[in-house]
Amino acid sequence: MKIIIDCDPGVDDAIALLLALASPEIEVLAVTTVAGNVPAERTFDNGRRVVALAGRPDVPVYRGCEGPLLGPLVRGKYSGAGGLGGSLLPESTAPVEAAHSVDVLIANILSAAEQGEQITVCTLGPFTNLAVALAREPFIARGIDRIVSMAGAFAAGGNRTPSAEFNVLADAHAAEMVLRSGVPVVLMPLDLTFQALATPARVADLRGRGGRITNLAADLITFYDRNDPARYGEPGGPLHDPTVIAYLLRPELFGGRPAHVAVELAGHHSFGQTVGDFFNTTGKPANATVLNRLDAPGFFDLLWKRLAKA
Ligand code: BDR
Ligand code: CA
């Protein structure tokens, strides 16, 4: 399966990249980075560090949009100042690509569409790059089979405001543009990703598997530990972004349902909230599949095994 990963590394983005790069079922055509957890310059540098760590400097990493289409800049809170838990990863030897993430998205998807193929676009950060690409070249919608995104919050409530999840809040207009694009979207909202909880016992299991990447991954995850048992039911931090890649590999670990999803763009208290019409009160056709059930033991078994093999 050919994919592009659009991301803002970010600790959990880094773990998601490592999972994708360790998975032979997946061909990562490009990693397009965007401002989000940290500024664009850092997400780009972090992306290059991760592909080098994975021993895959052949996978090109690009720098993308510097901030949201509209509205204030919102930064991530949990990945440390540099975005990767205080730069635990070595400097990258991967090339410094000059092309912009938006151009790369358009070029790859157009070339697939011209050959009658389609690409899966995974987004692990704010939707800015993809929204700009779709606005510039709406035709690319035909070259995307689905957009699989870590984004949104429904019954779980938000993580950056009472109602908004970070990736949507950081560019709510872009998120709405993507949801309106006509391309099927699969959403991994907080309702699902809070179940992907890296508890101390699970991190100890990862460390016990040995190897350089497993240890570095365990260090990153430990740094990222939100330790908010009141919210998650147990100690630990949720590994949001790797759920996107795990879904491509093992969709049977996930459950959810289709709905029409819109982003609140006018609310004062609820700006950036994802509103799901699960009972079709509006009569609008579903534009997304919203996942809210995770087989957490199955997810961690897959993730830890692949990291140990990386
Ligand atoms: C999302 O926000 C970021 O901080 C994480 O990388 C994840 O993509 C969770 O709300
Ligand atoms: Ca992210």
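The values are calculated or read from the model by the stated rules, or taken from the named source; none is laboratory data. All values reported here derive from a predicted model rather than from experimental measurement. Backbone-built Cβ (ideal geometry, glycine too); neighbour counts: all protein chains shown.
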> Within the stretch 263-300, can you find the residues that are surrounded by 15 or more Cβ atoms within 10 Å (Cβ to Cβ) and among the charged types (D, E, K, R)?
Replying inline: 264, 277, 295
>> For the stretch 138-170, give me each residue that is in contact with a Leu (Cβ under 7 Å, 6 or more places away or on another chain), β-branched (Val, Ile, Thr) and over 28 Å from residue 232 (Cβ atoms).
In response: 140
> Listed residues 35, 52; which is of a type in the set (A, V, I, L, M) and either touching a strand residue (DSSP E or B) at 6+ places or on another chain (Cβ under 6 Å) or within 15 Å of ligand 2 (Cβ to nearest atom) (or both)?
Replying inline: 35
> Only one of (1) within 16 Å of ligand 1 (Cβ to nearest atom); (2) part of a strand (DSSP E or B) is not met by residue 29, so which one is it?
Replying inline: (1)
> Is it the case that some residue within the stretch 254-262 is away from ligand 2 (no atom under 16 Å from the Cβ), surrounded by fewer than 17 Cβ atoms within 10 Å (Cβ to Cβ) and part of a loop (DSSP other than H, G, I, E, B)?
Replying inline: no
>> Just checking, does the stretch 174-192 include any residue being more than 26 Å from residue 55 (Cα to Cα), within 16 Å of ligand 1 (Cβ to nearest atom) and either surrounded by fewer than 17 Cβ atoms within 10 Å (Cβ to Cβ) or of a type in the set (Phe, Trp, Tyr) (or both)?
In response: no
> Exactly one of (1) under 21 Å from residue 168 (Cα atoms); (2) within 14 Å of ligand 1 (Cβ to nearest atom); (3) crowded, with 16+ Cβ neighbours inside 10 Å is unmet by residue 221. Its number?
Replying inline: (1)
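Yes or no, residue by residue, for (1) hydroxyl-bearing (Ser, Thr, Tyr); (2) under 20 Å from residue 186 (Cα atoms); (3) in a loop (DSSP other than H, G, I, E, B):
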{"site": "272", "(1), (2), (3)": "no, yes, yes"}
{"site": "286", "(1), (2), (3)": "no, yes, yes"}
{"site": "298", "(1), (2), (3)": "no, yes, no"}
{"site": "307", "(1), (2), (3)": "no, no, no"}
>> So, residue 5, is that one in contact with a Pro (Cβ under 7 Å, 6 or more places away or on another chain) and either modelled with pLDDT under 95 or within 14 Å of ligand 2 (Cβ to nearest atom) (or both) or not?
In response: no
> Considering only the stretch 38-63, how many residues are over 15 Å from the mean Cα position of the chain (by Cα) and in a loop (DSSP other than H, G, I, E, B)?
Replying inline: 8
> Of the residues in the stretch 62-78, how many are surrounded by 21 or more Cβ atoms within 10 Å (Cβ to Cβ) and either of a type in the set (D, E, K, R) or away from ligand 2 (no atom under 15 Å from the Cβ) (or both)?
Replying inline: 2
